[in-house]
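Student: Mind looking over this structure? Questions follow.
Just so it is clear, none of the values below were taken in a lab; they were calculated from the coordinates. The structure displayed is predicted, hence computed values, not measured ones. Cβ atoms come from the backbone with ideal geometry, glycine included; neighbour counts cover every protein chain shown.
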Amino acid sequence: MTVGSVIRQLREDRGWSQFALTDAINKRTTAKWHKNTLSKVETGQRGLGFEEASVVADVLGVTLDELRDGSPDRERAAAHAALAEWHRVLAGHIEVLAAHAQRLPAVRSRAGDAPWHPDMALLIATGESALETIALIHEGYTVVGFAGPEGKPVVTDGER
């Protein structure tokens, strides 16, 4: 298997179009890829430099060895793809929640004595903690617990 065919297989396994993959690559690098660039890589008409291969492997959730050897750990790759999707979805929900929380003081002042939900800040902090936990797992850390009232994730190597 060529690197290009591995990339195509991984992309198709995730249900991504060439445009979706190039969009994800372009969010992580200053060199802009086009659908034609990816098409040439997938068909073997264009090679990849180390930096490009690193970005592509990261986006696809595989190691450089898995990208090169054509034997990616499909279960691991699927887990990375699922984590990336959950991260995206959760980030969107947290953004919406934070936007609503910012507007609530104005709404409350117009509503007079209407009750304020006291757990709004806790809800936002919990969502942010969940987002941070997903990001740590995606980066390869092992989360062993949660600390403090905000529920910050604790990882095994003690870096956080």
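Student: Residue 146 versus residue 68, label points 7 Å from Cα toward the beta carbon: distance in nm?
Tutor: Going by the 7 Å Cα→Cβ label model, 4.0 nm.
Student: Something else: If I model a spin label at residue 28 and residue 131 as a point 7 Å from the Cα along the Cα→Cβ vector, what separation in nanometres do I get?
Tutor: Rounded to a tenth, the inter-label distance reads 2.0 nm.
Student: Still on this model: Sticking with the crude label model, points 7 Å out along Cα→Cβ, report the distance from residue 36 to residue 139 in nm, one decimal please.
Tutor: Distance between label points: 3.8 nm.
Student: Please list 17-24, 140-147 highest first by mean number of surrounding beta-carbon atoms within 10 Å per residue. Numbers along the way, then the final one.
Tutor: Values: 17-24: 16.5, 140-147: 11.5.
Packing proxy ranking, top to bottom: 17-24, 140-147.
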